[in-house]
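What follows is one structure encoded as structure tokens, with my remarks underneath.
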Amino acid sequence: MAFQWGKFKYLLVLATVFFILLILMEDKHEEHTDSNVTEENSYTKKLNRLRKSVGASPVQYVAVAELTVPLSFSQDYIKGLINQMTVPISLQNSTDIIDINITAVCHQTQTGQQCICQNQYVWANNICLTYPACNYLYAGACDCISAKPTGQMCIPRSGKINCSNSCNDSDLKKIMLIHALFFTELPTFTFTIRIDVNADATLINLYKSYLHNSVYAPYPLSTIMEVSKVDLTTECQLNSGGYQCKCGDQYSWPCDTCFSYGYCDNITNATCGCINGFPKDGQFCQPRTELTTPFNCLHFFPVIRRTISMTINEEFNSALTDKTSEKYNLYSKIIKSSVNSVYENTLTSYKPNSVEIIQFRPGSVIADFQIATSSKTLNFSKANENLASTLTDQKILVSADSFAETVDNGIYKERIYPGKNMNLTCNTPDPSITEITWSKNGQNIKVDGVKYQIKDKNLTVTNTNDNDNGKYACKVTFNSIPYINFQTRSIEPAPRLTTTDSIILKCTDTPINLKCCAHSSYNVLWSPKPANEQLVTAQSTNCSTFTYNVSLVDCSNSDKTFTCEARDDADTIYESKSFTITLTSKKDFPCFSTQYGAGQLDERKAVACDGNSVGNKTVQCTNSDWKTVEDNCVLRVLQGLVDQAVNLQAEDVPTFIKEVLNTTTNNAGEIRNSTANIVAVVSLLNSTAIVSQSFKVDQSIMETFLKTVDVIGSVSANQTWLKLNTRNTTQQTSSLLLKSTEEMGKALTNENFSITTDIIQLNRTSTNGSFSGINSTTQIVIPDITANTSITTIVFSSFSTVMPARNITYNGSQEKTSINADVVAVIVNKTIQNISFTFNTKNKSLLNPQCVFWNFSLLDGIGGWDSTGCELKTDVNSTDQVTCECNHTTSFSILMSTFPVDNIILDYITYIGVGISIICLILSLIIEGIIWKSMTRNDTSYMRHVSIVNIALSLLIADVCFLIGAGIVEKGELAPVGPCSTATFFMHFFYLALFFWMLLSALLLLYRTVVVFAGMSKTKMMIIAFTVGYGAPLFIAVITVAATAGQQGYIVERNACWLNWDKTRAFLAFVIPALTIVVINLVVLIVVLWKMLRRGVGATTQPDEKHTIVVIARCVAILTPLFGLTWGFGIGTMVSGLLGIHIVFAILNSLQGFFILVFAILLDIKIREELAGKLRIRNLSSNRTRTTSAGPSSSSGTGFMEMFRRRNIYHVADNSRFTADSSQNSYSFINT
């Protein structure tokens, strides 16, 4: 290949000159020589770079020329030509080219273009990421990219200018350079970003596990940014009343921070891994490689922070956990002052004024304080003797041997899973110490070589389980006092894996959610592994939801099996569950849902609880739907607290009980409606009460405890408590709740205070005389108190359902008796021989009061009411107040009879009477149907029979609803709100409709008596009748529901389905309208009789309406007082327990249908005659003749009907059968 160097050289120089001229033309308006500012134009924008040297006259330029040459030109050949060129090359008098290099060579490959930088040149970082690099990045740059960049070239690896010997600034005015003046166009920078996370310990452990199992080297965020490393640098947690901030691996606190806040581990190379406090200036742990020991830290060495625990010989008071309390501040002041003065004089290495109070904790009273010393070896013996004497003089009782140096959380740091071994290491202050004593919960551990194994300084607890929870400690002797490493360890609970159950699903193109949940300490994994887009994990519940897309293709395949696994941090499988999804083409199932699948009628399934609960529940296929028949599900958050309570320590009680209250309040609805959740809360309260016996409980803790009792003891939980008190497995729950509350009352401090919540009132007082009080509903009198006595009274205003009315006679049944007053607990610290109670009764209708106390040992430990040692002091028939006297103290109340006599008599009367009434009402409707056409030929008669039919129909439906309501609830049981409310609503509505149709009958009578000739049409009368007859009752019934349902006072609480009386007086919504109608009807009747007697019946009405008016008058005159009297006795049953009133009401109320048949139908002679004619009844006596003044009378009928004919006799002559056109008919009215 022939090459013309002259032409190539000419072209190269020409191209260079062209670029130089462009730059000069572009910048000719600028004065460079006097510039004091450095200015650069990026070659990525203009293909040139201009640097103006500060204070220098020559200006250097970098020009980039892009040449396109044939493939026949080899790269080495061109390089050789350039190397043969002699530089500098003068272009003008003031311009020289001092160096020429090839920076990049681009050529075509099979996959595209590649551009490779030449020696000493590289691609900038952003170019390597954008195009991208075809080899590895090194130091933020690369040698090769997979495309030709637009207007950008390689840049020098080094920032040094390679200038020849002839390069002299004094001789050069403008110098062309192809060297870059910087390392890269976009240099890489390293940033450290701190992210503060506020989370609980469980979530922090999840972060640790995730970071440990994840790879971040590197993780690209964009084309120019990547995450090179992620570390958990600092972890701060509350520990024994204060913060401890620990560093992660490869991180430490600088020395000044260690000594400012106090370190909680050993000092190494002027750094520490743990401090006792939360840095206020935003500091966090630093990489150890970056930490140095500043000069101002040297004066700290050697300084050692020590924690000293001192046992005070007095009972612990929870006020010492409150840093704002008077007791805490007093003790802190005395101890700090005493320690500082004594140690400063007796410990030569003690740093003055370094003492800090860490906390007070139970165990008598243990005061933890921290001091700083300059020596590791000390003699505390003499110093502690002096300190004990000084504190005792100030009434803080301390002995010389009650001191120990302690280290908290220093023997184990990893999670412990059930079944695994727990290896505890005793970190002694002196490696030569070998005599170590191990203890658990204050009791020395007996090494058996099986459960507990000791080797050197290590204790191994094998095959751990819940029984291994507790406070472990190792003790040695150092510096003449005990040196104790202790730590509270909790074994992680079992995974409690819950999954979707094996179900049968219809074969449709529908996605279904498969769920698997486990305790938050475990990782949840699926097999087969789903795609990422199908998987959602909820951190709050540790539930993994797998969206499985069902397709029609799956119908032909075998069943689909899924497996869910719970694994620990070491990826060990702790529990796994498999379930099967069976697809079927069958369409019709009695019950079907995507949650429970398909099922047959009455089929039962034991299924897992929802994701936020643990346990199981039983569902049954009922009426084309799955219904829950047994629910043993406990909220996961509650179960987590139950797990914590197993290892609850006295110092943790204030925080723990607050967490219980918050959890219970936030989930109140779910807890009140679940027996399992209430049992869990009672268990938590009981655990709190047990642990609280080791110290004095202050007002704050007790108030939190009682507010938690408020949540589960409210009226809203009555139905749940009824179930708890009737099930064999949960009967003791109410007794345990009462006992826990009493135990908390026994542990109260000696201060006087009161606490009032929604349903509980507590009063704590001390007296050395008589005591009386509590509130307006319950009075307590304790005479003859000779010594100073602390008295705690707790009044539970709504425990009448929480505590069952069971005693030695009636176990589990509240049919015979009922708690009819507050439940009062009386707790004293002395023996009381005489105590008097006066209770205001809740239900004034109950009789036979009995003074009782709750005996926790009764009925084989289940607990029940007992009257031993209590005596009734008021009349047995008293219904307003009951006074009792007892010779001991515990929880008291009164039991009263729900029914004064055996109520079987009332039952027989009611059900027999209602049966007769229903039969009579059905007969009434049948008779009306038979004679309807012939008896409704004029408007008055038509409206009269319309009223009778609607009265009978309303009463019939109301009686049927009564029987339904009686079947829903048994006496002594709580009424189920939903079904019972429905039955009550319809009874209320139709009983009111009966009275309003009675009102319409009376108004019709008044209308036809007063208004004779100017009558309204039948259509208008029908519209008015139905509007009043059904519209008004419906309005009253709906308003009643709206006004009382919100207070849960629409229906009675137990025994029957009917309107409430004791709480909301909803029963008045029936009684007031009914009795008002009774009064109106009686007034109408008086007006009508007065009109008829004054003017005569024949002068006021049309002849053919006289009979109808008289019959209406008779019905109103008889039925109105009868119905009014019935419900007058009904009110009596609500306020009185007398048997006679109940029997009279039962008879009158149950026979209303019979009264309607007799007085509204059978006593009407026309109905009897028409009925006899329809049924073809003939007079069997041939000797009797029927004569009237104008022709034959109606036939007589049977003897039974003849008896009623003699009561009211009408002699009528009417050949047209009582048509409205018979103007010559004459009537005579005889009432015999």
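The values are calculated or read from the model by the stated rules, or taken from the named source; none is laboratory data. Just so you know, these numbers come straight off a predicted model, no measurement behind them. Backbone-built Cβ (ideal geometry, glycine too); neighbour counts: all protein chains shown. We work out accessible area using only protein heavy atoms, side chains counted, and drop any ligands, DNA or RNA first. Shrake-Rupley method; radii C 1.70, N 1.55, O 1.52, S 1.80 Å.
Using a cut-off of 30 Å between Cα atoms, the listed pairs 208/333; 333/382; 1018/1091; 577/627; 229/455 include 208/333; 229/455 as exceeding that distance.
Ligands, DNA and RNA left out, the accessible area of the stretch 750-803 computed with a 1.4 Å probe is 40% carbon and sulfur.
With coordinates expressed along the principal axes, the C-alpha atoms belonging to the stretch 635-699 extend over 34, 23, 15 Å, beginning with the largest.
In the stretch 690-805 the Cα-Cα distances spread across 10 Å bins starting at 0 as 12, 39, 33, 13, 2 percent of all pairs.
Hey, if you put +1 on the Cβ of every Lys and Arg and -1 on every Asp and Glu Cβ in the stretch 302-377, which of 303, 325, 360 ends up farthest toward the positive end of that dipole? The one lying farthest along the dipole's positive direction is 303.
Solvent-accessible surface of the stretch 456-528, taken per residue with a 1.4 Å probe and all protein chains present: 37 Å². Judged by the mean number of other Cβ atoms found within 10 Å, the most tightly packed of the peptides 81-88, 643-650 leads the ranking 643-650, 81-88. Between residue 561 and residue 531, the FRET efficiency estimated from the beta carbon spacing at R0 = 25 angstrom works out to 0.90.
Could you work out how much longer the chain between residue 477 and residue 256 gets when fully extended? Use 0.36 nm per residue separation minus the Cα distance between them, nm to one decimal.
Details: separation 221, 0.36 × 221 = 79.56 nm, distance 3.05 nm.
Using 0.36 nm per residue and subtracting the Cα-Cα distance, I get 76.5 nm.
Each label was represented as a point 7 Å from its Cα along the Cα-to-Cβ direction; for residue 887 and residue 908 these points are 4.4 nm apart.
Residue by residue, the stretch 1151-1159 carries 3J(HN,Hα) couplings of 9, 5, x, 5, 4, 5, 4, 6, 7 Hz when phi is fed to the Karplus relation 6.51 cos²θ - 1.76 cosθ + 1.60 (θ = phi - 60°); x denotes Gly or Pro. The calculated FRET efficiency for residue 201 paired with residue 624, based on their beta-carbon distance and R0 = 41 Å, is about 0.30.
Working from label points 7 Å from Cα in the Cα-to-Cβ sense, the residue 392 to residue 582 distance is 8.0 nm. Taking a Cβ cut-off of under 15 Å around residue 609, the surrounding Lys, Arg, Asp and Glu residues balance to a net charge of +1, with basic ones at +1 and acidic ones at -1. Residues whose amide H falls under 5 Å from that of residue 60, counting only those 5 or more places apart or on a different chain, are 51, 53, 175, with hydrogens built in the peptide plane. Of the peptides 907-914, 763-770, 1152-1159, the order by per-residue mean of other Cβ atoms within 10 Å, starting with the highest, comes out as 1152-1159, 907-914, 763-770. Label sites at residue 118 and residue 456, each approximated as a point 7 angstrom past Cα along Cα to Cβ, lie 6.5 nm apart. Amide H contacts of residue 365 (H built 1.01 Å from N, in plane; Pro and chain starts excluded): 312, 314 sit under 5 Å, all sequence-distant by 5 or more or on other chains.
Among 578-586, 512-520, what's the highest-first ranking by average C-beta atoms within 10 angstrom per residue? Before the final figure, lay out the partial values.
On the way: 578-586: 14.2, 512-520: 21.8.
Sorting 578-586, 512-520 by mean packing, highest first, produces 512-520, 578-586.
Per residue, the solvent-accessible area of the stretch 270-411 (1.4 Å probe, heavy atoms of protein chains only, all protein chains present) comes to 48 Å². When the Cα atoms of the stretch 544-665 are aligned to their principal axes, the ranges along those axes come out at 62, 41, 19 Å in descending order. With R₀ fixed at 56 Å, the C-beta to C-beta distance from residue 374 to residue 766 puts the FRET efficiency at about 0.65. Extension gain, residue 572 to residue 1043, is 163.6 nm, computed as 0.36 nm per intervening residue step minus the present C-alpha separation.
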